[in-house]
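> Quick one: structure below, then a few questions.
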Amino acid sequence: MKLIKTTAIAIATAATASAALAGPVMDKIISQGHVQCGVSQGLPGFSNPDANGDWSGIDVDLCRGVAAAILGDADAVKYSPLSAKERFTALQSGEIDVLSRNTTWTATRDTALGLNFAGVMFYDGQGFMVRKDLGVDSALELDGASVCTNQGTTTELNMADFFRANGMSYEPVVFEKADEVVAAYDAGRCDVYTTDTSGLAAQRTKLADPGAHKVLPEVISKEPLGPVVAHGDDQLLDAVKWTIYAMLEAEEMGLTSKNIKNKAAVDTNPAVQRFVGNEGSLGEGLGLSADWAYNIVSQVGNYAELYEKNITPIELPRGVNSLWTQGGLMYAMPLR
Amino acid sequence: MAEKYTPGTHPDLPPPKNLVGPAAWIRDNLFSGPVNSIMTLFCLYLLWVIVPPLVNWLFLNADWIGTSRDDCSKEGACWVFIDVWMRQLMYGRYPAEEIWRINLSYILVVLTALPLFFKAVPSKVKGALAGVLLIVYPIVFFYLYVGGSFGLEFVETPRWGGLFLTLVIAVTGIVASLPLGIVLALGRRSEMPVVKSLCVVFIEFWRGIPLITVLFMASVMFPLFVPEDLSPDKLVRALVGVALFSSAYMAEVIRGGLQAIPKGQYEAAAAMGLSYWKSMLLVILPQALKMVIPGIVNTFIGLFKDTTLVLIIGLFDLLGMAQAAATNTDWLGFTIEGYVFAAFGFFVFCFAMSRYSQRLERALDTGHK
Amino acid sequence: MSQAPHKMAQMPSKPPFWRDPDKRAMLFQALALGFVLYLGYSLVSNTMANLERQNIQTGFNFLSVSTGFSIAESIIFYDEDSSYLDAFFVGLGNTIYVSIIGIVLATVIGFLMGVARLSNNFLLSRLAAVYVDTLRNLPLLLQIFFWYFAVLRPLPKPRNAVEFGESVFLSNRGLVGPKPIWEDGAALIGWALVAAILAAIGIGRWAKQRQAATGQTFPIWRTALALVVLLPLAAAVITGFPVSLEVPELKGFNFRGGMTLTPEFAALVLALSTYTAAFIAEIVRSGIMAINKGQTEAAYALGLQPGITMRLVIIPQALRVIIPPLTSQYLNLTKNSSLAAAIAYPDLVAVFAGTALNQTGQAVEIMSMTLAVYLFLSLAISAFMNWYNARMALVER
């Protein structure tokens, strides 16, 4: 059994690695034939299971993109729903290959926790949601409030900083699972629900009367959310990183899941030909097949498509997540 | 006018009216004194406060028929919610067209287990059936549920859920922990100091830590402890955690049985020239295990209830599934119905088992202490 | 050849070592030990290698770093500047606190229910039976959720809180009541209480000796009660009542000041104690039933009152049967308090193995510390109960 596995790895390595030596996690992904992806337990727009247990959301699509790039099949993904508390341990231990769970990029996580952030899927910031009938218009009026949030998040730390910096007291009520936070906030256990503004928009759909709540104007932190891999596999880091860039680049070039097949055949633009793998050797450098980017866009879509499909329904405008050409922060490094 | 009887021929008179009948029963059992009367009134008040609203909510004002939340008035329970989600609550996200596999296994288990409850069935047949239940079925069902061979479609374990998953975890836990528990119990009573202390440490360790930490470590930390290429399925790891955990409890139950066997039995077995294993397997264990069947059933009940903790590590058992259903945006606000249904499911199993164990306890109680 | 039997008869040759039970046992144990040691070694080395490979921080240095997060409830001082070690003690303190309260409540409810089940009152014993059968057969986690989300949900908002005597308020933020503020001189009251308790114990001993020597009884309980109430009261009068009550006030969103019983704590304690009480009720019932009926009859024959019979004859004997299973219920309750994480009560698992683990990422260190605590707690409880058991054991003469 072990012999077969080793042989398979050896063959896979020989097949893919001409420039770079495949990393251990990459090997594992190829030999097991799927990407084990850590996602959240249920956050509409990011990763949410439907009644049949099929996952959707922008974080889920990133996993699918990585699978398309590495294995050529966007469906070769298995999902591990994780609570915020479990996610880093699961990644550190190797329980999952990629963590794509609206995770904030911070220095500590990038270094001491033994993790590598591959990029940013969504620029976000922490906000507050309150009941409209509370009559509060600013987060600075929240002195003495009870605040519901998730365990093991940057939110917990930012919240402490914010209240301390403004000389306000508060009562933290910290749950392990997001659904319990929402249930407790909805039950009136807390005056305030705080998490990333995208999370507020998403979880709002799970409230009994979404219209009775409002998000306060203050955004108290920077929350760049992106996929994470463990230290020790640069090749996988590259693959995930360039999956994001490929999605952005595709949007910039106007390549979508619908037109890419046609454009690959007829478009003479060398950048497009390079992107789909008809020219150049981008895939080789990454240790992936030549059509890796083509697979991502054709099977999953470009960033704008993902945003339309997943985030727009929870009523979040693109804002800072627009392309740099449209005044946003999304900027793909050149694919060449 | 009194009739006359010769001495000794007077027929038995009925007891005085105030000593028989409902009135007397009520007086004796409910109002035999001031304290008792107050208690009775208090109990009646309690019942009056609790029962009518509960019945109203559960049955009278409840909505039973429909397909969406609009079919539910807000006055009583919305059983439509349970009805719509029934498949998920029972089988999780197991593919609909493959559910016959699970039902088939249920039918097989019931058919095999049924004869065990009848006295008329000879004990040899019973033994064979028990062997099938405990050894053959686990293997067969593994292939049946997982699929991927014998032309069955492969169903990955994250799709397993609901009551089905609860049963899988509880039954695997008990089937695996029984032999392990026997070995540990024998080890703890062994005369070899090293073996004995290893078993004591093992048992006390697992009995001392909360199951939730065991499950946490099994689900996310396990790969850290083993070589890189060893990575069993998450459900399998949770099962191993549960089995090890309950084996420690099982060991203590069985040890109780071993201690209750009179020393003469050990000595007699030794005098017959039986080796250690033979004397254990043929003489001691059959007696000891029979004695602790109620304890084993109780351990099983505990295990059955503890399976709910797997929802904390992201597996959807009956309770987890009920919660997941209640957070579906189309079905918000029916959390309590979900909890009540899950409670009903657990209660049916646990209550039946505890009644069974009490009956066994009485049947096995031969009177002498 | 012909000499062999003769030789054997003279001095029985040693059997080969695999037939010698002692040697075999030795070999078997060596193998078992070796296997376990190997297992432990590979566990440690694998973990080390895996941590090393991924460049994850290890060691216990993180314990002195300040946490930066805050914790809702604590029985010791804690703020955002406190270290992870402080957070550990906060969690530990809360776990112990909730366990002790839970154990006391569970014991009281359990004894009441156990006695109620044996009551002559038909209705009462039926109700107690329903209580026991229902709560014992439902998962604890479900009961915790039920208390938290179903029972506490309909409570009013703080603004519409239910008032009890203008100083106690019940709302969905919990039960808020006045908090005593001790001023100068209050220490005397505390000392008076300690002195009263010591005196009560002394009198108890003296009364027992006197009863043994002379047969005369002494109203110990009444005296003790009077001492414990009157002595601190006297001290308070002397020092001029150096206590003021801090009455909670509705300010902004919440009540400020006073003492709060949070819904998380309440739900956890209620669920833990009612659940465990169902088991304790059964233990108590079977304990009392295990006492031979002749004991009661003998006590009556001696002219003892029913109350005294229960207190001096039945219960002391029943306790011997009750205590061992009671111990394991206490242990279970302590371990089950770890389910607090599900409803945001900051116990050890929620604070330390939850938030702290996530912020530092040092799963191995944190889980080891957490497991060590639970092991220590359970060993401590069973040691205490063993000691108590030995004291209560039948002294055979």
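> Please give me the summed charge of the neighbours of B:ARG159: other residues whose Cβ is under 14 Å from its Cβ, Lys and Arg +1, Asp and Glu -1. If you can, show how the numbers build up before the last one.
Values: positive: A:LYS78, B:ARG87, B:ARG93, B:ARG101, B:LYS234; negative: A:ASP50, A:ASP54, B:GLU97, B:GLU98, B:GLU153, B:GLU156, B:ASP233, B:ASP317.
Local charge sum for B:ARG159: -3.
> Okay, next question. Ignore the peptide's own chain and count Cβ atoms of other chains within 10 Å of each Cβ in C:123-136; give me the average, rounded.
3
> Sticking with this one: Rolling a 1.4 angstrom probe over the protein heavy atoms, how many square angstrom per residue are accessible across the range A:178-308? List each step's numbers first, then the result.
Values: 4440 Å² over 131 residues.
On a per-residue basis, the range A:178-308 sits at 34 Å².
> Assuming a ≥ b ≥ c are the square roots of the Cα gyration tensor eigenvalues, decide whether the range C:195-299 counts as rounded (a/c under 1.5), prolate (otherwise, with a/b larger than b/c) or oblate.
Oblate shape, in that a/c is at least 1.5 and b/c is the bigger or equal ratio.
> Related question: Might you report the magnitude of the Cβ-based charge dipole of the range A:126-221 about its Cα centre, with Lys and Arg at +1 and Asp and Glu at -1, to the nearest 20 debye?
180
> What is the packing order of peptides C:210-223, B:253-266, taking the mean over residues of other C-beta atoms within 10 Å and listing the highest first?
Packing order, densest peptide first, comes out as B:253-266, C:210-223.
> Just tell me, in residue order, which DSSP H segments of chain C are both 20 angstrom or longer along the helix axis (alpha-carbon based) and at least 1.6 in mean Kyte-Doolittle hydropathy.
TM-like helix candidates: C:84-117, C:220-239.
> If you don't mind, there's one more thing I want to ask. What order do you get for C:149-158, A:93-102 when each peptide is scored by the mean count of other beta carbon atoms within 10 Å, highest first?
On the way: C:149-158: 17.3, A:93-102: 27.8.
Top to bottom by mean Cβ count within 10 Å: A:93-102, C:149-158.
> Right, here's the next one. For a test of the definition: using alpha carbon positions, the gyration tensor, and the 1.5 limit on a/c, classify chain C as rounded, prolate or oblate.
Taking the square roots of the gyration eigenvalues as a ≥ b ≥ c, chain C is oblate.
> With a 1.4 Å probe, what is the total accessible area buried between chains C and A, in Å² rounded to the nearest 100? Before the final figure, lay out the partial values.
Details: alone 25570 and 14450 Å², together 36450 Å².
The buried area between C and A, both sides summed, comes to about 3600 Å².
> Still on this model: How many percent of DSSP beta bridges within the protein assembly as shown run antiparallel, rounded to 5?
Given both bridge residues lie in the protein assembly as shown, the antiparallel proportion sits at roughly 65 percent.
> Hey, another quick one. Normalised by the residues of the range B:1-134, what does the relative contact order come to in percent, with Cα pairs under 8 Å and at least six apart?
Once normalised by length, the contact order is 10 percent.
> Output the peptides B:191-202, C:357-368, C:273-284 sorted from most to least packed, where packing is the average of other Cβ atoms within 10 Å over each peptide's residues.
Ranking, from highest mean packing down: C:273-284, C:357-368, B:191-202.
> Pop out the carbon and sulfur fraction of the accessible area of chain C as a percent, whole number, probe 1.4 Å.
The nonpolar share, carbon plus sulfur, comes to 67 percent.
> Probe radius 1.4 Å, ligands and nucleic acids left out: can you give me the accessible area buried at the B-C interface, summed over both chains, in Å² to the nearest hundred?
In total, this chain pair buries about 4400 Å².
> In the range A:126-221, what percent of the accessible surface is made up of carbon and sulfur (1.4 Å probe, ligands and nucleic acids excluded)?
Looking at the range A:126-221 in its full context, I get 52 percent from C and S.
> Can you give the FRET efficiency to the nearest 0.05 for C:VAL44 and B:VAL51, using r as the Cβ-Cβ distance and R₀ = 51 Å? Present the calculation step by step, with values, prior to reporting the outcome.
Details: r = 59 Å, r/R0 = 1.15.
Once the sixth-power term is evaluated, E becomes 0.30.
> Hey, another quick one. Lysines within cross-link reach of C:LYS293: Cα-Cα under 26 Å, excluding same-chain residues under 8 positions apart?
Here the lysines satisfying the reach criterion relative to C:LYS293 are B:LYS369.
> Quick check: residue separation of A:SER257 and A:ASN278 times 0.36 nm, minus the Cα distance between them. What number comes out in nm?
Gain on stretching A:SER257 to A:ASN278: 5.8 nm.
> Pick from C:MET385, C:MET48, C:MET310 the residue whose mean-square fluctuation is largest in a GNM of chain C, springs joining Cα atoms under 10 Å.
C:MET48
> Still on this structure, I have one more. With every protein chain kept in the model, how would you rank A:GLU141, A:GLU86 by accessible area, 1.4 Å probe, largest at the top?
Heavy-atom accessible area, descending, gives A:GLU141, A:GLU86.
> Right, something else. Using r as the Cβ-Cβ distance of B:ILE135 and B:LEU60, and R0 as 60 Å, what FRET efficiency do you calculate, to the nearest 0.05?
0.75
> Using DSSP to define loop residues, name the trypsin sites (Lys or Arg not before Pro) in the range A:107-181 whose beta-carbon has at most 13 other beta-carbon atoms within 10 Å.
Of the trypsin sites (Lys or Arg not before Pro), not one in the loops of the range A:107-181 has a Cβ with at most 13 other Cβ atoms within 10 Å.
> Kindly provide the chymotrypsin sites (Phe, Trp or Tyr not before Pro) of the range B:151-195 that DSSP labels as loop, not H, G, I, E or B, and whose Cβ sees at most 16 other Cβ atoms within 10 Å.
B:PHE154
> Here is a follow-up. Within chain B, which complete DSSP H helices have Cα atoms spanning at least 30 Å along the helix axis and a mean Kyte-Doolittle hydropathy of 1.6 or higher? Let's see the in-between values first.
Numbers: long enough: B:34-55 (31 Å, 1.82); B:162-188 (37 Å, 2.04); B:234-260 (39 Å, 0.97); B:335-364 (43 Å, 0.64).
Qualifying helices: B:34-55, B:162-188.
> Enumerate cysteines in the protein assembly as shown without a disulfide-compatible partner, where compatibility requires another Cys Cβ under 4.7 angstrom.
Lone cysteines by the Cβ rule: B:CYS43, B:CYS199, B:CYS350.
> Rounded, prolate or oblate: pick one for the range C:201-243, where a ≥ b ≥ c are the square roots of the eigenvalues of its C-alpha gyration tensor, a/c under 1.5 means rounded, and failing that, prolate if a/b is larger than b/c, else oblate.
Prolate shape, in that a/c is at least 1.5 and a/b is the bigger ratio.
> Taking R0 as 35 Å, what FRET efficiency do you get between B:LEU364 and C:GLN211 from their Cβ-Cβ distance, rounded to the nearest 0.05?
Efficiency, rounded to the nearest 0.05: 0.20.
> Out of B:GLY264, B:ALA218, B:THR327, whose Cα points farthest toward the positive end of the dipole of chain B (charges: +1 Lys, Arg; -1 Asp, Glu; placed on Cβ)?
Projecting each Cα onto the dipole axis, the largest value belongs to B:GLY264.
> Here is a follow-up. On average, how many beta carbons from a partner chain sit within 10 Å of the beta carbon of a residue in B:325-331?
The shielding value for this peptide is 4.
> Work out the mean other chain Cβ neighbour count within 10 Å for the residues of A:228-236 and drop it here as an integer. Working shown, then result.
Values: counts 0, 0, 5, 4, 6, 2, 0, 0, 0.
For peptide A:228-236, the averaged partner shielding equals 2.
> Which value, in square angstrom to the nearest 100, describes the accessible area buried between chains B and A on both sides, using a 1.4 angstrom probe?
Buried area between the two chains comes out at roughly 2100 Å².
> Related question: Taking all protein chains as present, what is the carbon and sulfur share of the accessible area of the range B:26-172, in % to the nearest whole number, probe 1.4 Å?
Here carbon and sulfur together make up 74 percent of the probe-accessible area.
> Separate question: Using a simple charge model, +1 on the beta-carbon of Lys and Arg, -1 on the beta-carbon of Asp and Glu, nothing else, what dipole does the protein assembly as shown show about its Cα centre, in debye to the nearest 20?
Dipole about the Cα centre, nearest 20: 5420 debye.
> Shifting gears a bit: How charged is the neighbourhood of C:THR58? Take every other residue with its Cβ under 9 Å from the Cβ of C:THR58, and add Lys/Arg as +1 and Asp/Glu as -1.
On the way: positive: none; negative: C:GLU52, C:GLU365.
Neighbourhood net charge equals -2.
> Mind telling me which of A:THR268, A:THR103, A:THR154 comes out most flexible in a GNM of chain A, alpha-carbon contacts under 10 Å?
A:THR268
> While we're here: Just add up the charged neighbours of C:PHE122: K/R +1, D/E -1, any other residue whose Cβ is under 12 Å from the Cβ of C:PHE122.
Local charge sum for C:PHE122: +2.
> What pairs from A:LYS214/A:LYS309; B:LYS196/B:LYS263; C:LYS157/C:LYS251 go past 22 Å between their alpha carbons?
On the way: A:LYS214/A:LYS309 24 Å; B:LYS196/B:LYS263 19 Å; C:LYS157/C:LYS251 13 Å.
Check vs 22 Å cut-off fails for A:LYS214/A:LYS309.
> Once you've got the GNM for chain C with C-alpha springs shorter than 10 Å, pick whichever of C:LEU339, C:LEU63, C:LEU39 has the biggest mean-square fluctuation.
Judging by the Gaussian network model, the answer is C:LEU39.
> Report the gain in length on full extension from B:LYS17 to B:GLU97: 0.36 nm times residue separation, minus Cα-Cα distance, nm rounded to one decimal.
Extra length from B:LYS17 to B:GLU97 when fully extended: 22.1 nm.
> Still on this structure: Give me, ordered by chain and number, the residues 5 or more places off A:ASP73 or on other chains with an amide H under 5 Å from its own placed amide H.
For A:ASP73, whose amide H was placed from the backbone, the distant partners under 5 Å are A:ALA68.
> Now for a separate question. On a 0 to 90° scale, report how tilted helix A:2-16 is relative to the longest principal axis of chain A, with both axes built from alpha carbons and the result rounded to the nearest 10.
Taking Cα atoms only, the helix is inclined about 80 degrees.
> In debye, nearest 20, what is the charge dipole magnitude of the range C:79-193 about its Cα centre with +1 on Lys and Arg Cβ and -1 on Asp and Glu Cβ, if you could check?
Charge dipole of the range C:79-193: 860 debye, to the nearest 20.
> What are the GluC sites (Glu not before Pro) within the range A:235-331 that DSSP puts in a loop, where the Cβ has at most 16 other Cβ atoms within 10 Å?
Filter output for the range A:235-331: A:GLU279, A:GLU315.
The values are calculated or read from the model by the stated rules, or taken from the named source; none is laboratory data. From a predicted model like this one, the values you see are computed outputs, not experimental measurements. No Cβ is skipped: glycine too gets one built from the backbone with ideal geometry, and neighbour counts run over all protein chains shown. Ligands, DNA and RNA are excluded from the accessible area calculation, which covers all protein heavy atoms including side chains. Shrake-Rupley method; radii C 1.70, N 1.55, O 1.52, S 1.80 Å.
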